[in-house]
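J.: Below you'll find the structure I mean.
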Number of protein chains: 4
Amino acid sequence: MAARPIAEPDFEARVRASFARQKAMSALGATLTQVTPGVVEIEMPYNETFTQQHGFLHAGAISMALDSACGYAAYSLMPADAGVLTIEFKVNLLAPGRGERFLFRGTVTKPGRTIIVADGQAYAYDGEGEAKMIATMTGTMMTVVGRQGIEG
Amino acid sequence: MAARPIAEPDFEARVRASFARQKAMSALGATLTQVTPGVVEIEMPYNETFTQQHGFLHAGAISMALDSACGYAAYSLMPADAGVLTIEFKVNLLAPGRGERFLFRGTVTKPGRTIIVADGQAYAYDGEGEAKMIATMTGTMMTVVGRQGIEG
Amino acid sequence: MAARPIAEPDFEARVRASFARQKAMSALGATLTQVTPGVVEIEMPYNETFTQQHGFLHAGAISMALDSACGYAAYSLMPADAGVLTIEFKVNLLAPGRGERFLFRGTVTKPGRTIIVADGQAYAYDGEGEAKMIATMTGTMMTVVGRQGIEG
Amino acid sequence: MAARPIAEPDFEARVRASFARQKAMSALGATLTQVTPGVVEIEMPYNETFTQQHGFLHAGAISMALDSACGYAAYSLMPADAGVLTIEFKVNLLAPGRGERFLFRGTVTKPGRTIIVADGQAYAYDGEGEAKMIATMTGTMMTVVGRQGIEG
């Protein structure tokens with residue numbers, strides 16, 4: 001980004017409050033570990049409940065956490081009365097979702113008044129703490145203001 | 001597709017066996033409702049456990065079911081000893097994931113020996129049984145043969 | 001689409017006028033062959049000028065024509081004073097761009113006030129007039145009103 | 001990337017020879033300015049021939065150059081007898097294609113024997129040489145060996 005984006009003073013509290021309402025994140029066992037303006041990180045341990053047929057973390061579970069990371073990276077730069085909606089995203093699965101724990105980072109690539117583009121990376125950590133990038137996401141997020149039911 | 005793709009005789013049994021091993025699908029409460037050569041349908045009721053902050057089905061849950069539908073549509077056309085891996089997918093979220101139940105259909109658009117492209121649609125049904133398309137996916141799947149741990 | 005989208009009376013004239021201003025389309029040798037509400041078709045003969053290293057039509061040339069087809073499909077449903085911008089698109093290349101002529105169709109999948117999603121297909125025709133689908137696109141388009149320099 | 005990918009000794013000559021066969025690149029007025037293992041840069045001046053209706057560089061022209069940059073980044077890491085094909089890509093248009101000249105960089109994110117994932121960025125330079133990122137790409141490329149007509 002050309003310039004560091006400016007976040008409203010309460011951005012972290014708003015991100016954390018909205019994340020806490022995402023039941024899908026507690027189902028995954030995911031926690032919000034870092035919230036800075038335009039960058040959000042989510043972590044989770046390996047969770048056998050969300051595996052695919054080979055025992056790896058399901059691509060959908062990876063997408064779920066990456067979408068939340070990218071969405072909250074975008075939301076961290078939005079006005080206080082806005083809500084965030086995902087318009088679309090693309091995920092590339094680079095390596096099997098195999099590891100002891102996982103980190104999902106979302107970063108705003110292009111801030112904007114209505115449309116925000118964020119990129120995400122997912123990493124798997126093995127027992128020695130070695131990280132491997134297992135997926136990338138590019139997502140397009142929308143700032144929604146004044147639509148009933150879309151707050152936060 | 002120019003020609004109806006030819007599936008191995010046991011394609012349905014193989015798809016059903018692999019789906020049964022996807023713990024993520026039982027976590028979602030999803031069932032495999034239709035398996036024909038190159039087309040797979042998955043259904044699930046609304047599940048509050050997988051909602052985002054506004055109470056809609058999380059984009060990641062929609063992606064999870066669509067990825068399985070597209071992946072098994074591809075797998076239904078693969079040789080008996082192959083495994084299926086998702087290389088990448090893109091999802092467009094067209095409407096909020098609000099409804100009583102959901103249908104996810106994956107259809108092979110382009111069969112191939114190594115690379116298979118599948119397209120998916122997700123529909124939400126309201127209490128009257130009216131359907132609304134809420135998401136589309138395009139996914140690229142890979143046929144994997146002889147790689148340990150990637151069977152089915 | 002649940003309902004046939006309603007276009008302004010002059011939609012075809014506006015689409016044709018905007019297309020005529022796209023110098024990239026005349027560079028390709030592409031013509032606008034069909035304009036109906038939400039569906040636009042563009043055709044072009046094989047053009048050696050836009051080939052890649054194997055002599056096939058370059059994926060970028062296919063994308064250029066598909067982007068215009070999808071963008072004008074979206075634009076055909078926009079208000080008379082709006083301009084159209086592409087936010088993002090994804091293209092899957094299904095077969096080499098080999099043929100005597102090419103057809104690119106863009107269709108609106110989801111109309112909307114600000115965001116419009118369109119899907120496209122590209123077909124190659126051989127000397128006997130046999131068509132083969134060579135690429136698909138999903139694109140997200142934006143309605144822009146009152147921004148200087150973005151008319152049409 | 002965890003480790004610097006290893007390229008065959010003649011990688012640069014092969015990339016340059018293949019690029020020289022891409023007629024679409026000379027039509028755009030694009031030149032190959034940097035070729036290192038896994039990273040390729042292409043530059044071009046503003047070219048009115050490839051504009052869309054508002055006078056900006058057409059999204060398809062941006063995609064064409066990005067696809068070549070990503071494709072050759074992938075090709076630079078392939079065996080000497082291989083050819084490269086683009087399976088799919090996604091482009092996000094971040095800002096209008098307005099500028100005096102343009103730089104397109106493709107970088108391999110994930111090398112692989114069959115599938116290579118590359119990410120690209122497009123920058124526009126104004127008269128003072130100030131750069132602005134105008135687009136990003138994620139592309140999936142395939143190594144093709146022994147298929148007639150797919151060399152280089």
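J.: Could you please find all residues in region B:96-114 being farther than 18 Å from D:Ile115 by Cα and either polar (S, T, N, Q) or open to solvent by 30 Å² or more (accessible area, probe 1.4 Å) (or both)?
T.: If the condition is that a residue be farther than 18 Å from D:Ile115 by Cα and either polar (S, T, N, Q) or open to solvent by 30 Å² or more (accessible area, probe 1.4 Å) (or both), then B:Pro96, B:Arg98, B:Glu100, B:Arg101, B:Arg105, B:Thr107, B:Thr109 are the ones that fit.
J.: Any chance you could count how many residues in region A:115-140 are farther than 15 Å from A:Ser68 by Cα and open to solvent by less than 30 Å² (accessible area, probe 1.4 Å)?
T.: Residues flagged as farther than 15 Å from A:Ser68 by Cα and open to solvent by less than 30 Å² (accessible area, probe 1.4 Å) within region A:115-140 amount to 3.
J.: Only one of (1) open to solvent by less than 10 Å² (accessible area, probe 1.4 Å); (2) in contact with a strand residue (DSSP E or B) (Cβ under 8 Å, 6 or more places away or on another chain); (3) farther than 22 Å from B:Met141 by Cα is not met by D:Met64, so which one is it?
T.: Tallying (1) open to solvent by less than 10 Å² (accessible area, probe 1.4 Å); (2) in contact with a strand residue (DSSP E or B) (Cβ under 8 Å, 6 or more places away or on another chain); (3) farther than 22 Å from B:Met141 by Cα, D:Met64 fails exactly one: (2).
J.: State which residue is surrounded by the fewest Cβ atoms within 10 Å (Cβ to Cβ) when the search covers only region C:35-49 and only residues that are closer than 14 Å to C:Tyr72 by Cα and out of contact with any strand residue (DSSP E or B) (no Cβ under 6 Å at 6 or more places or on another chain).
T.: By that ranking, first place goes to C:Thr36.
J.: May I ask you to say which residue of D:Gly120, D:Gly152 is modelled with pLDDT of 95 or more and within 20 Å of D:Phe11 (Cα to Cα)?
T.: On inspection, the qualifying residue turns out to be D:Gly120.
Each row is one residue, and each column tells you yes or no for (1) at pLDDT below 95; (2) outside any helix (DSSP H, G or I); (3) away from chain B (no Cβ under 14 Å); (4) surrounded by fewer than 18 Cβ atoms within 10 Å (Cβ to Cβ).
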| site | (1), (2), (3), (4) |
| --- | --- |
| A:Met1 | yes, yes, yes, yes |
| A:Ile6 | yes, yes, yes, yes |
| A:Pro9 | yes, yes, yes, yes |
| A:Ala17 | no, no, no, yes |
| A:Ala24 | no, no, no, no |
| A:Thr33 | no, yes, yes, yes |
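J.: Tell me which strands (runs of 3 or more DSSP E) are completely within region D:41-151 and hold 1 or more residues being facing chain C (nearest Cβ under 10 Å), or say none if there are none.
T.: Per the criteria, D:82-93, D:131-145.
J.: Check off (1) at pLDDT 95 or above; (2) closer than 30 Å to D:Ala17 by Cα for C:Ala74 and give me the number that stays unchecked.
T.: Tallying (1) at pLDDT 95 or above; (2) closer than 30 Å to D:Ala17 by Cα, C:Ala74 fails exactly one: (2).
J.: Listed residues D:Leu93, D:Leu57; which is touching a Ser or Thr at 6+ places or on another chain (Cβ under 7 Å), within 17 Å of C:Phe89 (Cβ to Cβ) and open to solvent by 10 Å² or more (accessible area, probe 1.4 Å)?
T.: After applying the criteria, what remains is D:Leu93.
J.: Okay, next question. Could you list, in sequence order, all residues of region C:108-146 that are touching a helix residue (DSSP H, G or I) at 6+ places or on another chain (Cβ under 6 Å) and either over 24 Å from D:Gly139 (Cβ atoms) or without any contact (Cβ under 8 Å) to a residue 12 or more places away in the chain (or both)?
T.: The answer is C:Val108, C:Ile116.
J.: Can you tell me how many residues in region A:58-87 are under 27 Å from B:Cys70 (Cβ atoms) and charged (D, E, K, R)?
T.: 1
J.: Run down B:Glu151, B:Glu88 and say which single residue is of a type in the set (D, E, K, R) and in contact with a His (Cβ under 8 Å, 6 or more places away or on another chain).
T.: Every option except B:Glu151 fails the conditions.
The values are calculated or read from the model by the stated rules, or taken from the named source; none is laboratory data. As the structure is a computational prediction, the values presented were derived from the model and not from experiment. Reconstructed Cβ throughout: ideal geometry from the backbone, glycine too, with neighbour counts over all protein chains shown. Remember, those area values only see protein heavy atoms, side chains included, never the ligands or the DNA or RNA. Shrake-Rupley method; radii C 1.70, N 1.55, O 1.52, S 1.80 Å.
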